[in-house]
Amino acid sequence: MAQRGKLAPGMGNLFPFIELAKQLVHHHHLSATILIPNAGPPPPAQTTVLQTLPKTIKHIFLPPVDLPKDLNIVSQVVLTVTLSLPSLRHTLASLTTTTRLVALVVNLFGLDAFNIAEEFGISKYLFFPSPAIALLFSVHLPKLDETVIGEYRDLPEPVQLPSCVPVHGRDFPDPVQDRSLQGYKGLLENVKRYGSADGIILNSFMELEEGAIKALQAEELGKPPVYAVGPLIRAGSSDGLERSECLQWLDCQPSGSVVFVSFGSAGTLSHDQLNELALGLELSAQRFLWVVRSPNDKSANGAFFKAQSQDDHFSFLPKGFLERIQGRGLVLPSWAPQIEVLSHCATGGFLTHCGWNSILESIVHGVPLITWPLYAEQKMNAVMLTEGLNLALRPKSDETGLVRREEIANVVKSLMEGENGKKVRQRMERFKDVAAKVLNEEGSSRKSLSELASKWTNQKKN
Ligand code: UDP
């Protein structure tokens, strides 16, 4: 299940599903149908991507649902899925007349569909879109909830999940930062339901997160098996664009010289933070390619979803900035062909909001990172990348929560020219090689997916 289109929050949802389907079809001779709930007509970019898939991967847009106005993005997604359940039931009923369905795989918003899978006697799987450490955290959350008094962010010591890097409560995922909120209670209920899955498919790989994955896979009665099948990322642009301006610009830059700066499909910064970032990039004297969205109206280093920049003329950038950085920096409104940028030889670093897809894409292309987490589980991802894996540098914020221009300039310079940058670059190169192997015949992720596919194939025969 996936949501919305190219310039929409949660874009990261659809592509891993497509890649999973491709693996199952190409290597295991299964077929797949992607069911997409929507609250409006399917966005053209999404339709284009889905129409170019092989015939063995079908897609069905469930009938659009009517949503009340002014819902926040998470509520929109949740309600869209809830209101789509009747049409999901209807669609599955009609699919069973022509196909032997063996499994329903849902994302985090689709757990309610497990009941429907049961009605049809189909096994039910969760496709977890974040790293193993985040899944392990979710599995441990009910226990933390029972044992910790007060807010997690006030815990004096970091929490150590089995075989993982210790993580401070303040770096826990957003929805657990205020335990009095309904969102927290909802999450707690949801994570308890993971246990009812027949299996959990994880877009990560053993060599990247061995400790967490082994902890998840440790045999325990009633615990669903976990299959680490990543990194599942897009192979290349599905935007259908001509070779874009930014790629042509990259063509003219020296090898490994450009820092790509992007906050995912919808991350935004406050006005003050955006100002500091602009001046920090300028001060770093490095080349950069920056996907800029107009600032949000929060006062500190806030972040919230806004896929489309409200002002594509960059009037919110510091005065004279565009003139001063000409030739050395390029700014793009709202969106870049990220895979092409990361795979371009001129790209030498990536300042990222730490969305899991962006991290995997960077690893696959061997681009070292600067972490700038904004929302969801991204702070935890940043801790894992910097303190656990040593694949990234992390700028520090001051007492007001702002990351100042001097700090930004130092970290960017350090990544591109310094000793610390050299170390993370070398480590990233090693992981790039490993990531290339895990999906090969004898690779850990391929074996994990084979195990799952054999289970489904046997079910199909019975
Ligand atoms: N993406 C892109 N161009 C952009 C921003 C994002 O192609 O300008 C793609 C990116 O390659 C990734 C997805 O959108 O596949 C973002 O997923 P991620 O998990 O990193 O972050 P999210 O946007 O879901 O927070």
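Structure notes:
- Longest to shortest principal axis, alpha-carbon extents of the stretch 24-173, angstrom: 56, 42, 32
- Here the chain carries DSSP beta bridges of which approximately 5% are antiparallel, counting only pairs with both residues inside.
- Here the calculated FRET efficiency for Ser454 and Arg193, from their Cβ-Cβ distance with R0 = 41 Å, stands at 0.95, rounded to the nearest 0.05.
- Value of [θ]222 nm, deg cm²/dmol, for the chain, DSSP H segments ≥ 4, -39500 (n - 2.57) each, nearest 500: -12500 deg cm²/dmol
- Inter-centroid distance (Cα atoms) of the stretch 67-122 relative to the stretch 240-285, Å: 38 Å
- The distance linking the stretch 316-387 with the stretch 398-462 is 14 Å (Cα centroid to Cα centroid, whole angstrom).
- Cβ-based exposure ranking for Val434, Val105, in which fewest neighbours within 10 Å come first: Val434, Val105
- From the alpha carbon centroid of the stretch 127-143 to that of the stretch 168-182 is 14 Å.
- The charge dipole of the stretch 245-435, taken about its Cα centre with unit charges on the Cβ atoms of Lys, Arg (+1), Asp and Glu (-1) only, comes to about 340 debye.
- Theoretical FRET efficiency, 1/(1+(r/R0)^6), r = Cβ-Cβ of Glu407 and His271, R0 22 Å, to 0.05: 0.75
- Each of Ala235, Gln160, Trp249 was scored by the projection of its Cα onto the charge dipole of the chain, and the greatest displacement toward the positive side belongs to Ala235; charges sit on the C-beta of Lys, Arg, Asp and Glu.
- At R0 = 45 Å, FRET efficiency that the Cβ-Cβ distance of Glu119 and Ser180 yields, to 0.05: 0.80
- Net length gained if the chain between Thr33 and Asp70 were fully extended (0.36 nm per residue, minus Cα distance): 10.2 nm
- Taking chymotrypsin sites (Phe, Trp or Tyr not before Pro) across the stretch 82-152, the ones in a DSSP loop with at most 16 further Cβ atoms lying within 10 angstrom of their Cβ are Phe120.
- Computed over the stretch 245-435, Cα set: Rg, Dmax in Å: 15.1, 45
- Simple label model, 7 Å out from Cα along Cβ direction - Arg324 to Thr48, nm: 3.6 nm
- Dividing the alpha-carbon radius of gyration of the chain by the rule-of-thumb value 2.2 N^0.38 Å gives 0.96.
- Taking 17 Å as the cut-off, the amide N atoms of the stretch 192-209 that come nearer than this to a point 7 Å along the Cα-to-beta-carbon line of Glu146 belong to 192-196.
- Shown here for the stretch 4-110: trypsin sites (Lys or Arg not before Pro) in loop regions (DSSP other than H, G, I, E, B) with at most 16 other Cβ atoms within 10 Å, namely Lys55, Lys69, Arg100.
- Once each of the GluC sites (Glu not before Pro) sitting in a DSSP loop with at most 16 other beta-carbon atoms within 10 Å is removed, the chain keeps 243-398 as its longest stretch.
- Whole-Å semi-axes of the ellipsoid equivalent to the stretch 57-125 (Cα gyration tensor, √5λ, descending): 24, 13, 10
Since every read-out is calculated from the coordinates, none of them should be taken as a lab result. Keep in mind that what you see is a predicted model, and the values were worked out from it rather than measured. Here the Cβ is made from the backbone with ideal geometry for all residues, glycine too, and neighbour counts use every protein chain on show.
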